[in-house]
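Here's the structure we're looking at; comments come further down.
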Amino acid sequence: MADIAIIGAGPAGLMAAWRAAESGHNVVVFESADAVGGMSGSFEIQGQRVDYGSHRLHPSTPPHLLKRISDLLGDELQTRERNGRIRLYDRWVAFPLRTTDMARHLPIRFSLQSAYDILRRPFTKKSPVTFNDEVSNRLGKTVSDQFYSPYAEKLWGIPGDEIDGEQARRRVSAKSPLAILRRLIKSSTPGGRTFLYPKHGYGQIVEAIARAVQDAGGQIYLNSPVDSIRVKESSCQLSVKDDQYEADYVLSTAPLTVLTKIISPSPSTEIMDAAATLRVRGMVLSYLILEQNQFTEYDAHYLPGLDTKIARLSEPKNYRDGNDPEGVTVLCAEIPCWVGDTVWNSSDNELSAMVVADLEKLGLPNVKHAATVARRLPSVYPVFEKRTMVERELLLEWSESLGRLIPFGRQGLLVPDNLHHTLAMGWDAAAAFDSKGEFNQHKWEKSIRSFRNHVVED
């Protein structure tokens with residue numbers, strides 16, 4: 001058996017810890033925050049559990065992982081019908097998209113232009129170098145210009161023609177107009193619009209896994225940032241606050257750009273320079289507390305246009321059939337930004353004023369919020385900039401050569417994946433250890449290749 005140290009108590013780290021501890025390995029998890037879960041966690045505002053943005057567990061979660069989560073949560077893992085909507089052409093359209101709703105609400109010119117794009121596709125395809133190229137090749141220029149391109153710029157902070165095509169391959173699941181049609185037909189039935197969500201907030205998933213880790217003998221230390229890692233031939237030494245820990249292997253979910261600064265021996269100047277070029281988009285979450293039972297019936301409002309700062313607005317209590325308090329609801333506004341920009345540095349009251357202004361612009365009900373709370377997340381969306389793709393690949397190659405230190409998870413592999421993808425990463429990372437406690441690098445590399453085919457689910 002192996003002594004395994006895991007950096008990060010997010011879903012990937014916790015799932016790896018759970019499987020490794022169950023397999024008999026000695027597992028210790030170090031988390032810098034005061035709670036488990038990372039962006040997949042939940043916290044309480046005036047008696048109501050809220051998440052770090054809009055999250056849901058997708059039905060396409062691998063069956064073996066879904067069963068394990070279902071066994072942990074039992075009846076508190078609820079199957080719910082999605083009831084969102086998206087703003088297109090200054091109109092609200094049901095989301096996931098439905099054929100009848102699109103026909104009823106979208107202007108006829110959108111359908112005609114999209115049909116024209118389909119006919120021209122064989123003659124207008126470009127080499128898919130950029131995000132815009134990739135989406136236009138697949139779905140036509142109209143769909144790209146009206147939806148994906150502005151949304152990409154809002155999320156990642158740069159125009160779509162500066163984003164590498166790999167970002168589109170990772171984030172746009174539809175491969176063709178025909179694929180969109182199939183999805184529209186499927187989502188027009190209730191069974192095609194379901195998702196899974198815990199009764200007590202999204203964070204209930206990671207909280208349950210954390211308890212399972214401890215029940216299996218693993219240890220979890222909160223408020224315990226790893227200051228340095230020394231990789232030796234037969235072990236790794238970690239410095240955590242004033243303590244030293246020795247482990248046979250380290251599984252790290254820390255951002256690669258951070259890892260380069262705390263690892264010893266230090267990376268080459270080339271690797272450090274490559275890490276310095278990569279950017280990650282942050283996000284500010286503004287929570288408005290309303291003294292009313294419900295704001296709207298919708299779980300989420302998607303706002304791809306650049307005319308608003310909000311990218312998505314969600315109402316947590318609409319995601320579940322829970323025991324939420326009466327007479328209060330919370331709105332969560334997601335505002336992508338760069339760390340240190342005007343949005344990031346705005347006060348809580350300034351942020352809520354931005355949100356209220358956007359709601360008025362969208363024609364949503366007037367809000368009289370009793371209070372506001374903000375959360376700032378510095379690392380949310382890895383940005384696949386066209387100009388830095390060589391550096392990104394160089395950093396990934398370096399990360400696969402660290403011997404007994406194995407990066408994984410969203411930040412460790414620089415991927416924009418869903419929760420079920422990160423759970424799979426954790427599961428596979430732990431599965432790469434054999435019964436003697438040796439790590440099978442070949443098996444892990446096979447898993448990494450499969451992760452490169454992940455596409456984010458809408």
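The values are calculated or read from the model by the stated rules, or taken from the named source; none is laboratory data. Predicted model only: the values in this text are computed from it and were never measured. Glycine also receives a Cβ, built like all others from the backbone with ideal geometry; neighbour counts cover every protein chain displayed.
Brief remarks follow.
- Sole residue being over 17 Å from GLY10 (Cβ atoms) and at pLDDT 95 or above, chosen from ILE229, ILE205: ILE229
- Matching entry among LEU290, LEU364, LEU351 (being over 25 Å from MET39 (Cα atoms) and of a type in the set (A, V, I, L, M)): LEU364
- The residues listed here are SER228, SER268, SER235; of these, the one that is of a type in the set (S, T, N, Q) and in contact with a Leu (Cβ under 8 Å, 6 or more places away or on another chain) is SER228.
- Here THR342 passes the criteria (1) at pLDDT below 95; (2) closer than 30 Å to GLY165 by Cα; (3) more than 22 Å from the chain's Cα centre (by Cα); (4) not hydrophobic (A, V, I, L, M, F, W, C) except the one numbered (1).
- Filtering region 52-69 to residues that are surrounded by fewer than 16 Cβ atoms within 10 Å (Cβ to Cβ) and either at pLDDT 90 or above or part of a helix (DSSP H, G or I) (or both) leaves PRO62, PRO63, HIS64, LYS67.
- Counted residues, region 240-272 - those being in a helix (DSSP H, G or I), in contact (Cβ under 8 Å) with a residue 40 or more places away in the chain and surrounded by fewer than 13 Cβ atoms within 10 Å (Cβ to Cβ): 1
- Whenever a residue of region 380-403 is small (Gly, Ala, Ser), its partners that are at pLDDT below 95, lying with C-beta atoms within less than 6 angstrom and at least six residues away or across chains, give the pairs SER399/LEU256.
- Among residues of region 331-375, those that are within 17 Å of SER314 (Cα to Cα), assigned to a loop (DSSP other than H, G, I, E, B) and either touching a residue at least 40 places away in the same chain (Cβ under 8 Å) or not polar (S, T, N, Q) (or both), counted: 6
- Pairing residues of region 13-40 that are in contact (Cβ under 8 Å) with a residue 12 or more places away in the chain with residues that are aromatic (Phe, Trp, Tyr) and in a helix (DSSP H, G or I), at Cβ distances under 7 Å and at least 6 apart in sequence or on separate chains, gives MET15/TRP427; ARG19/TRP427.
- Of residues in region 412-443 being buried (at least 19 other Cβ atoms within 10 Å of the Cβ) and of a type in the set (Gly, Ala, Ser), the one nearest to ALA9 (Cα to Cα): GLY426
- Residue match in region 71-83 (condition: surrounded by fewer than 18 Cβ atoms within 10 Å (Cβ to Cβ), of a type in the set (Val, Ile, Thr), in contact (Cβ under 8 Å) with a residue 40 or more places away in the chain and closer than 30 Å to VAL373 by Cβ): yes
- VAL380 being surrounded by 15 or more Cβ atoms within 10 Å (Cβ to Cβ), of a type in the set (A, V, I, L, M), touching a Lys or Arg at 6+ places or on another chain (Cβ under 8 Å) and outside any helix (DSSP H, G or I): yes
- For region 273-297, the set of residues classified as crowded, with 18+ Cβ neighbours inside 10 Å and more than 22 Å from TYR148 (Cβ to Cβ) consists of ALA274, ALA275, LEU278, VAL284, LEU285, SER286, TYR287, LEU288, ILE289, LEU290, PHE295, listed by residue number.
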